[in-house]
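Chemist: A single structure is presented below for examination.
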Amino acid sequence: MSPKELRSVFILLTFAAIMANDHVKFQAIISHCKEYGFIFPSSEIYDGLSAVYDYGQYGSELKKNIQDYWWKSMTQLQDNIVGIDAAIFMHPTTWKASGHVDNFSDPMIDNKDSQKRYRVDHLIESFADELEAAGKKDQADALIASMESLLAKSDFEGLKKLIEENKIRCSVGGTSNWSDIRQFNLMFSTQLGSVSDEASEIYLRPETAQGIFVNFLNVQKTGRLKIPFGIAQTGKAFRNEIVARQFIFRMREFEQMEMQFFIRPGTQKEWYEHWKETRMKWHLSLGISSGKFRFHDHVKLAHYADAACDIEYEFPIGFKEVEGIHSRTDFDLKNHQEYSNKKLSYFDTELNQHYIPYVIETSIGLDRTVLMILSEAYEEEDLSTTDKKDSRVVLKFPPRLAPVKLAILPLVKKDGLPEIAKEILADCRGKFRCFYEEKDTIGKRYRRMDAIGTPFSVTVDYQTRDDQTVTIRHRDSMLQERIPIRSIREIVEKQIL
Ligand code: GAP
């Protein structure tokens, strides 16, 4: 083998090892989530439902804390953004006007031998990743460029040819026996009322954004809002995802946190840049390093956008989208005006002019953010010493996002220690989420708190009876210090506000 070939093999093997390691980490996170009450497969006793998950006692607290943090920074801390809560069911014409009935579909291809269905862009992208790992970056870049140009033209024959020319194989069956490429609409439909005719067919919303657009004038008028202003909301969305195998990364029922920012036509470029920067700062405020994020500009724009990008985070399964920033022009409001026959223009008193506002949208997946925070927090630490093997799994959540903030642990179940511990609990529980536990050794209890990411544990021991002090243990450093009981609340509150 030539030195060049040897180098390629080495790169390939290193890449494969890293990939395997990262895959192992991803699987470990999934198992940990189930074992410690974060996330369960939906209706598991019936063997689960594909790409649908339930949040358990700690997962739901984590999710709610993330949602609250987003809500606060996108509404409360902004002068000109208000929040709403629109219904999941909407008039069916909404989805005609928004373009989802005609355009909300993905090009898919089936492997005729294995019957496995792929999203065309995902199939080609993973082949490009393989090329890059094998040191063929130029070839990978050229492949992605061709794919993007064909996707932009919706040239399905060209895309199929590209797959065949590159001899891209099915990851299950290993063959290249491909079907034609077809579009699949991702919306779920159901019946409203008892008469099952076409008029009563409605959709489960595939994005929360349309609830904001149809309420644009209601909110603007009743809130006396002046452009530029924003409307935010969080809530469930539903998509019949074809490729949905990545835990809570791609689900069929998921939650979005979206904000539509209404602006004067012609100012979209500067506001687009503003929101790109603002949203990236929000991600960095979660304590994640900037190297773990990147922007990915869209080449193939959605039917409503004149510019769009994703904020991608480096998950254990690679860089993937967490949030989209979209310059949606006046597409939605203009179409709703046309389909509803109701005027949706705004009168700008400064310009003395009526116009349909342009919109910049920020749209982040709540479940993907949960996965990002879990991926960032999950650590397996080797704590072995020369004479003892030891390790721990710890979730190093930012304290404000942690499901439980404080564990209160009496050293033993007697001699008045539980009574003191319960007094501490009574003092703190109205302020932040606490966890009280008497069972097992203190070491085991600490480990359980590490595993659910509790940033502080206080232990009540015999000394507490004499001097009203407790030991506080810090989750990340595992350092312990003696503090007065009266300082507990302040120490925790300082970290979670
Ligand atoms: N209103 C614009 C919109 O919905 P999108 O890029 O389709 O844009 C926005 O979705 C965000 O919603 C994504 O960045 C992602 O975080 C989240 N998301 C989309 N589909 C999802 C799915 N199937 N499962 C989980 N999250 C999803």
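Chemist: Restricting attention to region 30-44, does a residue exist that is exposed (fewer than 15 other Cβ atoms within 10 Å of the Cβ), at pLDDT 95 or above and β-branched (Val, Ile, Thr)?
Modeler: Within region 30-44, none of the residues are exposed (fewer than 15 other Cβ atoms within 10 Å of the Cβ), at pLDDT 95 or above and β-branched (Val, Ile, Thr).
Chemist: If I filter region 124-139 for residues that are under 18 Å from Glu241 (Cα atoms) and more than 28 Å from the chain's Cα centre (by Cα), do I get at least one hit?
Modeler: no
Chemist: Considering Ile364, Ile360, which residue is of a type in the set (A, V, I, L, M), near the ligand (Cβ under 9 Å from one of its atoms) and at pLDDT 95 or above?
Modeler: Result of the check over Ile364, Ile360: Ile364.
Chemist: Are there helices (runs of 4 or more DSSP H) fully within region 44-125 with at least 3 residues that are acidic (Asp, Glu), in contact with a Cys (Cβ under 7 Å, 6 or more places away or on another chain) and closer than 24 Å to Ser340 by Cα? List them.
Modeler: Correct list: empty, since no element meets the threshold.
Chemist: With respect to Lys388, determine if the residue is charged (D, E, K, R), modelled with pLDDT of 95 or more and either over 30 Å from Phe40 (Cα atoms) or buried (at least 20 other Cβ atoms within 10 Å of the Cβ) (or both).
Modeler: no
Chemist: Considering only region 441-464, how many residues are in contact (Cβ under 8 Å) with a residue 24 or more places away in the chain and loosely packed, with under 13 Cβ neighbours inside 10 Å?
Modeler: Total meeting the criteria: 1.
Chemist: Let me ask another. In region 236-277, how many residues are more than 27 Å from Met187 (Cβ to Cβ) and not aromatic (Phe, Trp, Tyr)?
Modeler: Residues that pass the stated criteria total 12.
Chemist: Do we have any residue at all in region 342-361 that's of a type outside the set (Asp, Glu) and under 14 Å from the mean Cα position of the chain (by Cα)?
Modeler: no
Chemist: Which residue, of Phe347, Phe397, is more than 16 Å from the ligand (Cβ to nearest atom) and crowded, with 17+ Cβ neighbours inside 10 Å?
Modeler: Answer to the selection: Phe397.
Chemist: Which members of region 374-385 meet the condition of being within 16 Å of the ligand (Cβ to nearest atom) and surrounded by fewer than 23 Cβ atoms within 10 Å (Cβ to Cβ)?
Modeler: Ser375, Glu376
Chemist: Identify the single condition in (1) under 30 Å from Glu253 (Cα atoms); (2) exposed (fewer than 14 other Cβ atoms within 10 Å of the Cβ) that Glu164 does not satisfy, given that it satisfies every other one.
Modeler: Every listed condition holds for Glu164 apart from (1).
Chemist: Would you pick out the residues in region 250-266 that are hydrophobic (A, V, I, L, M, F, W, C) and farther than 16 Å from Phe40 by Cβ?
Modeler: Met257, Met259, Phe261, Phe262, Ile263
Chemist: Glu61 passes all but one of (1) at pLDDT 95 or above; (2) crowded, with 18+ Cβ neighbours inside 10 Å; (3) touching a helix residue (DSSP H, G or I) at 6+ places or on another chain (Cβ under 8 Å); (4) not hydrophobic (A, V, I, L, M, F, W, C); which number fails?
Modeler: For Glu61, the exception is condition (3).
Chemist: Looking at (1) closer than 30 Å to Ile66 by Cα; (2) outside any helix (DSSP H, G or I), which one does Arg445 not meet, given that it meets all the others?
Modeler: All conditions pass for Arg445, except number (2).
Chemist: Also, quick follow-up: If a residue counts only when it is within 12 Å of the ligand (Cβ to nearest atom), which strands (runs of 3 or more DSSP E) contained entirely in region 175-294 have at least 1 such residues?
Modeler: In region 175-294, the matching strands (runs of 3 or more DSSP E) lie at 229-238, 253-263.
The values are calculated or read from the model by the stated rules, or taken from the named source; none is laboratory data. It should be emphasised that the depicted structure is a prediction, and the values quoted were computed from it without experimental measurement. Glycine also receives a Cβ, built like all others from the backbone with ideal geometry; neighbour counts cover every protein chain displayed.
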